[in-house]
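Just below is one structure, and these are the notes that go with it.
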Amino acid sequence: MPSTQQEFRFEPIKSFPRLRWKGRCSFASTHYFPAQSTERIGEEQDGWINRLYWGDNLQVMSHLMKEFRGKIDLIYIDPPFDSKTDYKRKIKIKGESTEIDVSVFEEKQYGDIWSNEEYLQFMYERLILMRELLSNNGCIYLHSDWHKSHHLRMLMDEIFGQNNFCCEIIWKYSWGLRTDKIWNKKHDNILMYSKTGNMVFNVNEVLEEREISEATANRLKYKGALITDRNKGRGTEEKALPSDVWYIATINGMASERLNYPTQKPEALVERIIKASSNPGGLVFDCFMGSGTTQAVAMKLGRRFIGADINLDAIQIAMKRLTKIKKGLDAVFETDDKKYTGFKIYNVNNCGFFKNPVQAKDRLLEYFGLQKLDRNSPYDGMKDGRMWKIMPINRIARKTDVSVFTANLPYNKFEKIKENNPNKIVENFTLVCMGHESGLKAEMEKQLSNYKINVEIVDILQNEAVLDLKSKAEAVVQRKGNKLIIKNFYPMNLMQKLSIEHIAVNDWKKLVDSVLIDFNYDQTEMHPTVIDVPEKSKLVKGEYKIPADSGRIKVKITDLISESYETELS
């Protein structure tokens, strides 16, 4: 639970338009949330080790404020677009077999379906914290598209200042909407703002390669149109200054960087941003990291990085991706020149009950036996005349969450009930949360003080039965002489999904994504010396040699849907 309150001053810039929405709440303080280090891959370099955080990024940034306020050089975020889509990832059973083509099922990753008010409050609070974390020479790139780019620009103007708007980058691509009814949408928008107007911009790192005809070159000989570049040992080349329209290919199906993660962006896109707006050794932050593209590019370019995501799949995929890059870089670097390849994984505020928010809502609806309601309803479910709202899971519910919820209630219905019978309860509410601020019920009653209501709070942290609804994995792990042997592995949730899809698997190794082993576990964080992350269809070994100097051993087995089994051997 939070321990100390952190306050900061945020005043809207005067004389500029201000975006308004129902339930808008000011945001001028946050709590410090604790983080637990769970794993360490590699070592510190120059007193630094990179960080990945699993948790709600509002809580992650609140945690970071204590140490990194005003110290981050570059932020790139690819937040939800409010695309009205539930994103899924295809899961393939590992192994070479004839069944591989049919051994596929879809796993929900995250929902990108919001009410306008929820979305704007969500982004507003997070952008304020991002501004606090940026250094005075820092800048932020916000990736969006036509759904919300106009609203986000107004928020950015208010928070960062209209005068600190740098540019709007258009990323043009070939895929996208295909219709003969309207102009086809073939670009994303990337908004760039600085913290103070003083920012890093390495223009020579992002000059554009162009084939320029002699006639065109003659027209462009005015000052600044072309630059003579002698940096690459190929003689003199003419290059163009960078523009705000980028033609960068999307990730094709055969690309080595493709991880089949929903909304994954190409490395070339993020590389251009990091090269231009940070220096080697600079600190890069992405709190909607997804598959870890920002972190992967930062590691390759010798930048320090911090990443965060609330989706456990994102943490697992990024861990594997970064481990592979680290191995390649460490092979070419000198021993004392690792270029910031080590990283730690943290769990913020005991995030971990649910793998992702979509899964959380579905499981709770099922557990409480609720009738699921239409996505346009302000409620999530109903039962016995009560309307249920599942508050944000994997963090405590706050009073501002109540404000956003009440902004979308059916007040016309309430007014009719009140008019016909002033003493009648207009609605019975049940709010489901995982930890909550004191006074949450009182806040709800205060905001609806014009009506007679009944409010019930169900806190699942106080209900052991609910906390036990998640099936746990099991495994048989043995120590025989100088060998550690995994004899079997039973990932219960994954096996249940396979059963529903009528997929039969006869080898437990086909269900394993990775095996980590720490042969000298200090009972605080894992520092694995075995990182068994097989490529594509290959399988984990399942049998490992135990070093002569081993002590307490910790084993972590992670399945294809990123859920893990952990055990210790003395």
Exercise. Between SER449 and ASN163, what length comes free when the chain is fully extended (0.36 nm per residue of separation minus the Cα-Cα distance, one decimal in nm)?
Worked result: 98.8 nm
Problem set entry | In Hz, Karplus ³J(HN,Hα) per residue of region 51-57 (6.51, -1.76, 1.60; θ = phi - 60°; x = Gly, Pro) | 9, 10, 10, 9, x, 4, 5
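Report the far tail of the P(r) of region 357-467, meaning the percent of Cα-Cα pairs longer than 25 Å.
On the way: 1149 of 6105 pairs.
So the pairs more than 25 Å apart make up 19 percent of the total in region 357-467.
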Seminar exercise, completed: For region 368-381, in residue order, the Karplus 3J(HN,Hα) values (coefficients 6.51, -1.76, 1.60; θ = phi - 60°; whole Hz; Gly and Pro = x) are 7, x, 8, 7, 6, 9, 4, 5, 7, 6, x, 9, 9, x
For this session: Sort out for me the Cα centre separation of region 35-99 from region 535-562, rounded to whole Å.
Result: 23 Å
Exercise. How far, in nm, would the chain grow between ASN116 and GLU366 when pulled straight, counting 0.36 nm per residue and subtracting the alpha carbon separation?
Worked result: 87.3 nm
Problem set entry | Residue-wise HN-Hα coupling along region 535-550, computed from phi with Karplus coefficients 6.51, -1.76, 1.60 (Hz; x: Gly, Pro) | 6, 6, 7, 6, 10, 5, 6, x, 9, 9, 7, 8, x, 5, 9, 5
Problem set entry | Least to most buried among GLU563, GLU445, GLU366 (fewest other Cβ within 10 Å first) | GLU366, GLU445, GLU563
Seminar exercise, completed: Amide H contacts under 5 Å for VAL455, restricted to residues at least 5 apart in sequence or on another chain and with H modeled in the peptide plane, are PHE429
For this session: State whether region 11-96 is rounded, prolate or oblate according to the following rule on the C-alpha gyration tensor (a ≥ b ≥ c being the square roots of its eigenvalues): a/c under 1.5 gives rounded; otherwise a/b larger than b/c gives prolate, and the remaining case gives oblate.
Result: oblate
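Given the rule -39500 (n - 2.57) for each run of at least 4 DSSP H residues, summed and divided by the residues of the chain, what is its mean residue ellipticity at 222 nm, to the nearest 500 deg cm²/dmol?
Details: 13 runs with 138 residues, N = 570.
Helices in the chain give a 222 nm mean residue ellipticity of -7000 deg cm²/dmol.
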For this session: Would you mind checking which residues have amide H under 5 Å from ILE248's amide H? H placed 1.01 Å from N; only 5 or more apart, or other chain.
Result: LYS172
For this session: Evaluate the relative contact order of the chain (contact order divided by residue number), counting alpha-carbon pairs under 8 angstrom at least 6 apart; express in whole percent.
Result: 17 percent
Exercise. On average over all directions, what projected area in square nanometres does region 294-439 have, based on the convex hull of its Cα atoms?
Worked result: 12.3 nm²
Problem set entry | All-pairs Cα distance distribution in region 474-569, expressed in whole percent, bin size 5 Å | 3, 13, 25, 24, 18, 10, 5, 3, 1, 0
Problem set entry | DSSP-defined antiparallel bridges as percent of all bridges, the chain, nearest 5 | 65 percent
Seminar exercise, completed: Everything considered on the Cα gyration tensor (a ≥ b ≥ c; rounded for a/c under 1.5, else prolate if a/b is larger than b/c, else oblate), the chain must be described as oblate
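Which whole-number percentage describes the relative contact order of region 357-467, with Cα contacts under 8 Å and a sequence gap of 6 or more?
Averaging sequence separation for qualifying contacts and normalising by length gives 24 percent for region 357-467.
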For this session: Give me VAL270, VAL200 ranked fewest to most by other Cβ atoms within 10 Å of their Cβ, as a rough exposure proxy.
Result: VAL200, VAL270
For this session: Starting from the amide H of HIS436, placed 1.01 Å from N in the peptide plane, find each other amide H under 5 Å away whose residue is 5 or more places distant or on another chain.
Result: ALA397
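Listed highest first by mean packing, meaning other Cβ atoms within 10 Å per residue, what order do 87-95, 379-387, 134-142 come in? Present the calculation step by step, with values, prior to reporting the outcome.
Details: 87-95: 18.0, 379-387: 16.1, 134-142: 23.0.
Packing proxy ranking, top to bottom: 134-142, 87-95, 379-387.
Compactness ratio of region 126-168: Cα Rg over 2.2 N^0.38 Å, N = residue count?
Values: Rg = 10.3 Å, N = 43, 2.2 N^0.38 = 9.2 Å.
Dividing the Cα radius of gyration by 2.2 N^0.38 Å gives 1.12.
Every read-out reported here was derived from the displayed coordinates using simple, explicitly stated rules and does not represent laboratory data. For clarity, every value in this text was computed on a predicted model and none was experimentally measured. Here Cβ is always computed from backbone atoms with ideal geometry, including for glycine, and neighbour counts include all displayed protein chains.
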